[in-house]
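Remarks on the structure that follows.
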Amino acid sequence: RVNDVTTHPAFKNAARTVAAIYDLKLANQEAMSFEEDGARYSIYYLRPKTREDLARRTRGHRMIADLTYGMFGRSPDHVASFVTGMAMKPEELKAPCGYQDNLLAYYKELRSLDSYVVYAVLPPQAARNPEFYERQNIPIPTLSVVREDDDGLVISGMKMLATGAVFANDVWIGNVLPLAPDQKKQA
């Protein structure tokens with residue numbers, strides 16, 4: 001059990017790097033943030049509308065890469081940019097599974113809190129062959145919907161590739177591998 005990631009030998013240096021990224025943003029507000037509707041937000045939440053906006057975002061990402069020598073692969077700008085990109089074209093999330101309003105609300109919440117968000121998008125390596133588990137009559141460990149009720153979905157299981165999750169405020173759960181039609185519960 002890890003009680004404090006800022007002092008644990010396995011995590012303390014990476015925790016310092018995350019802190020340095022947030023310090024970099026504070027020390028370089030003009031380069032590392034933008035203003036919208038009277039509030040300032042991290043540059044990686046900027047939805048670029050012009051070439052200059054895109055150049056500003058690029059400079060912000062480059063400053064983080066320079067600070068970390070490009071060796072902090074899932075820095076706070078990584079998944080934030082992924083969500084920002086989706087928030088630029090929410091109409092692409094078409095019914096019945098679109099939930100455009102939810103995406104935009106999530107984007108705005110992440111942006112306003114300056115959240116460090118990561119994703120977990122892969123099933124465990126061994127779980128990629130469901131027949132193995134079915135033959136042994138044991139549950140498939142992949143994250144799945146257990147039930148749905150008025151409060152939402154109840155899920156159980158595992159996802160991988162949540163690099164940075166130990167430092168993150170939010171974990172985005174998703175899929176990067178195509179799912180077969182009979183894997184709807186894993187969607």
Cross-link candidates for residue 25: which lysines have Cα within less than 26 Å, leaving aside residues fewer than 8 places away along the same chain? 12, 49, 108
Using 10 Å bins from zero, what percent of all Cα-Cα pairs in the chain falls into each bin? 8, 29, 32, 22, 8, 1
Please list, in order along segment 71-78, the HN-Hα scalar couplings obtained from phi with the Karplus expression 6.51 cos²θ - 1.76 cosθ + 1.60 (θ = phi - 60°), rounded to whole Hz, x for Gly and Pro. 10, 10, x, 10, 6, x, 7, 5
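What is the local net charge at residue 142, summed over the other residues whose Cβ is closer than 12 Å to its Cβ (Lys, Arg +1; Asp, Glu -1)?
Details: positive: 128, 159, 185; negative: none.
Value of the local net charge: +3.
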Hey, what number do you get for the chain at 222 nm if only DSSP H runs of n ≥ 4 count, each worth -39500 (n - 2.57), divided across all residues, to the nearest 500? -11500 deg cm²/dmol
Quick one: angle between helix 51-68 and the longest Cα principal axis of the chain, in degrees between 0 and 90, rounded to 10, please. 80
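Please give me the summed charge of the neighbours of residue 109: other residues whose Cβ is under 13 Å from its Cβ, Lys and Arg +1, Asp and Glu -1.
Details: positive: 108, 111; negative: 101, 114, 170.
Computed value for this residue: -1.
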What net charge is computed for the residues neighbouring residue 154, neighbours being all others with C-beta under 10 Å from the C-beta of residue 154, Lys and Arg scored +1, Asp and Glu -1? -2
Under Karplus coefficients 6.51, -1.76 and 1.60, residue-wise ³J(HN,Hα) of segment 90-104 in Hz, glycine/proline x: x, 5, 6, 7, 7, 4, x, 10, x, 6, 4, 4, 5, 4, 5
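No value in this document is a laboratory result; all are computed from the given coordinates. Note that the coordinates shown come from a computational prediction; the quantities given were computed from them, not determined experimentally. Neighbour counts are summed over all protein chains in view; Cβ atoms, including those assigned to glycine, are modelled from backbone coordinates with ideal geometry.
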